[in-house]
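Single-structure report; data block below.
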Amino acid sequence: MIGNRFELLDTKSGIRVHLIEYGATVTNIWCADRTGNFGDVLLGCPTPEDHAKPHPHFNCIVGRYANRITNAQFELDDVLYRLDANIPPHQLHGGRRGFANRLWSGTQNGNSVQFELTSADGDSGFPGEVAVLAKYTLNDRVLRLDLTATTSKATPISLTAHHYFNLSNVHGTYVSDHEISINADHYLPVSDELTQLGLIADVTNTPFDLRSRNRLGKQLHKEHPQLELADGFDHTFVLNDSGFRDAAHIYDPDSGRYCKVRTDQPGIQFYTANTLDAPGKNGVHYRTHRALCLETQQFPDAPNHPNYPDAILRPGEIWTGVTEYEFGFA
């Protein structure tokens, strides 16, 4: 039911990555700490087979449109499209039959695994038949994700990987001691339903100023209406500059492990697992703030906000997205 399984191994660093076809999911990433001990830095389902059951988007590819679309609708070329409202009245991560809940077709070539999926015209309410490729490559401590999509009709596209990181390798522990920086001068405030307001706010003098590395727990406990709405961070940061550049850096002082994120996407959703309540690996039940997600993506709800970057893919175009995760220790 979860399809084929794959393993990538970086012989130089010893980093190992396990993947399955269901959801084009990365189930495990093992990397060394400063003492040379290897540990799994991803939270996830108790077994690979459990990914075919409901779970909080552990480590899968989400789409056709990542994040929330307000009122599960948008207008495109004078046509109103109504979508599957899986968190009524809104849509999250493409609906109940989003890409995370599909069996992709995977093939391995050396140290790369490529997953393919075709989404039918009208899928979850979206127009156009969309062909998607998600390719993971592991080389020299870097796990690279290349995403591409084409369509038969104009349609919104925003694909991302929903990895739940805890670099300590001690599942069930808080990530409060992790240190984080995000290369962003601005972020997108949200409503009390975590939908977009269409605003772009300066991070200066707020807990959202993560331009220099900060202890996460220190930022989480600062008073700010936006943090109170989400019970933590669940916000898109507007990445500085354009092209392929540094996006975020997380570091666990106890283990010495770090992860550097680079991308060509305009935004990165920083989520501190504020509603996490799910069975996990090694018999651990995961709770709030036991992981963090860094989801590189288009701006949420962009089809409903003309001041956001255009997220519409049209026939004859190829949408691409590249993200790299570099693992190491210090």
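Numbers below:
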quantity	calculated
Filtered residues of the stretch 106-129 (kept if open to solvent by less than 30 Å² (accessible area, probe 1.4 Å) and either among the small types (Gly, Ala, Ser) or within 21 Å of Thr11 (Cβ to Cβ) (or both))	Gly106, Ser112, Val113, Ser119, Ser124, Gly125, Gly128
Ala100 among the small types (Gly, Ala, Ser) and free of Cβ contacts under 8 Å to residues at least 12 places away in the same chain	no
Single residue of the stretch 130-173 satisfying the filter (touching a helix residue (DSSP H, G or I) at 6+ places or on another chain (Cβ under 8 Å) and within 27 Å of Thr288 (Cβ to Cβ)) that is surrounded by the fewest Cβ atoms within 10 Å (Cβ to Cβ)	His171
Flag for Arg16 being under 21 Å from the mean Cα position of the chain (by Cα) and open to solvent by 40 Å² or more (accessible area, probe 1.4 Å)	yes
Number of positions in the stretch 275-304 that are in contact with a strand residue (DSSP E or B) (Cβ under 6 Å, 6 or more places away or on another chain) and not hydrophobic (A, V, I, L, M, F, W, C)	12
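The values are calculated or read from the model by the stated rules, or taken from the named source; none is laboratory data. Predicted model only: the values in this text are computed from it and were never measured. Please note: Cβ atoms are built from the backbone with ideal geometry, for glycine as well, and neighbour counts cover all protein chains shown. Quick note on the areas: whole protein, heavy atoms, side chains included, nothing else; ligands and nucleic acids left out. Shrake-Rupley method; radii C 1.70, N 1.55, O 1.52, S 1.80 Å.
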